[in-house]
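Student: Mind looking over this structure? Questions follow.
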Amino acid sequence: MSFATAYIFTILIETLVLLLLLRNEDRRLVMLAGILASSITLPILWFVLSPLIPTQDFFFETLFLRIFLILFFELAAVAAEAFIYRNIFSQLNWKRAFEISLIANAASFFIGLFIL
Amino acid sequence: MARHILLALFLFSLSTLAFSDMIEPGTHQVSQYVRFTNLADYPNYAFYIAVGTVQDMGNPTVHAQLSNNEYAPLERGYKFNSMYLMLKGQGNKSALALLPYEFFTGSSISSRYITYKVLYDAQANNLTLLETESLDKNFAGIPIDDTSSLDIPFLALAILFAAGSAYLILQIKKDKKVKK
């Protein structure tokens, strides 16, 4: 999968999830929040953090390390996006911001795994 | 409402008269290219791309003469056509080799470049093809397998989108504050 494909899919999926979960908020803000969050976190995940994950050449030897790093980096992305949502939507508390971020990221991660 | 449904059903029934997938051979162009690397090994022969359609019943017509190691566009390639490599040479004897069928079902928005090596047995008059390379390019001419080539433009786009959306968010929030 290329960064271009991942970027397009992440924006589409996460923005759609945000639109579903934040129905009472201004739609323009919700869409812009989706674009902003994905545009900040995905390049960092893709170009900075992903190269730190061991390659699949030694798949079984590094399986646990790979899983740990993927989860750790995904959680970092969730935290960063929750911070963005919390700051854009003043009515959101931290717990709800984390929930929304977690659902959006999980959706893009798992849908990405299945369709790409 | 009932009248609209009847009209829709009538129009839908008309669609059965249309041969939706039966495009006239040669009218739907798919962007595919083929080259043969070793035509120079057979100096006494000339090679052509030939097209056979359903109507031709396996009687292909010569389309274009081929040069050695140069990509030739298959402008008439479509799934209802059969494409042949035709060889004509000494004693006006000809031989045919059918290009693989799957080759002609490629996407209309990407281009496929296939390289073959030709093997001709003059005694048996047997012409065969060996596929040595296959390359798909997207609409921008970038090889599709080479996914990294789009990374930098999309990274720039991501930075631009991040900055643009942040600016617009601030503007919207500012407007809301002013309205309050």
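The values are calculated or read from the model by the stated rules, or taken from the named source; none is laboratory data. Worth saying up front: this structure is predicted, and the values here are computed from it rather than measured. When we count neighbours, we look across all protein chains shown, and the Cβ atoms used for this are built from the backbone with ideal geometry, even at glycine. Side chains included, ligands, DNA and RNA excluded: accessible areas come from the protein's heavy atoms. Shrake-Rupley method; radii C 1.70, N 1.55, O 1.52, S 1.80 Å.
Student: Consider B:Asp136 carefully, then state whether it is at pLDDT below 85 and within 10 Å of chain A (Cβ to nearest Cβ).
Tutor: The answer is no for B:Asp136.
Student: Inside region A:65-114, can you point out the residues that are surrounded by fewer than 18 Cβ atoms within 10 Å (Cβ to Cβ) and small (Gly, Ala, Ser)?
Tutor: Scanning region A:65-114 gives A:Ala76, A:Ala79, A:Ala80, A:Ser90, A:Ala106, A:Ala107, A:Gly112.
Student: Okay, moving on. For the list (1) hydrophobic (A, V, I, L, M, F, W, C); (2) over 20 Å from B:Ala156 (Cα atoms); (3) within 14 Å of chain B (Cβ to nearest Cβ), I need the number of the one condition that A:Leu21 fails.
Tutor: Here A:Leu21 clears every test but (3).
Student: Please go through region A:1-18 and give me each residue that is of a type in the set (A, V, I, L, M, F, W, C), in contact (Cβ under 8 Å) with a residue 40 or more places away in the chain and within 8 Å of chain B (Cβ to nearest Cβ), ordered by number.
Tutor: A:Met1, A:Phe3
Student: Name the residues in region B:109-128 that are without any contact (Cβ under 8 Å) to a residue 60 or more places away in the chain and in a strand (DSSP E or B), would you?
Tutor: B:Leu119, B:Asp121, B:Asn126, B:Leu127, B:Thr128, listed by residue number.
Student: Here is a further query. Scan region A:24-46 residue by residue and report those that are at the interface with chain B (Cβ under 10 Å from one of its Cβ atoms) and among the basic types (Lys, Arg).
Tutor: A:Arg28
Student: Can you tell me which of (1) at pLDDT 95 or above; (2) more than 10 Å from chain B (Cβ to nearest Cβ) is the one A:Ile70 doesn't meet?
Tutor: The failed condition is (1).
Student: Residue by residue through region B:113-131, note down the ones that are closer than 17 Å to B:Leu66 by Cβ and either of a type in the set (S, T, N, Q) or open to solvent by 50 Å² or more (accessible area, probe 1.4 Å) (or both).
Tutor: Answer for region B:113-131, where residues must be closer than 17 Å to B:Leu66 by Cβ and either of a type in the set (S, T, N, Q) or open to solvent by 50 Å² or more (accessible area, probe 1.4 Å) (or both): B:Thr115, B:Lys117, B:Leu119, B:Thr128, B:Leu130, B:Glu131.
Student: Then there's this: Restricting to region B:10-68, and then to whatever is at pLDDT 80 or above, open to solvent by less than 100 Å² (accessible area, probe 1.4 Å) and in a loop (DSSP other than H, G, I, E, B), can you tell me which residue is farthest from B:Tyr113 (Cα to Cα)?
Tutor: Within region B:10-68, the match that is farthest from B:Tyr113 (Cα to Cα) is B:Asn44.
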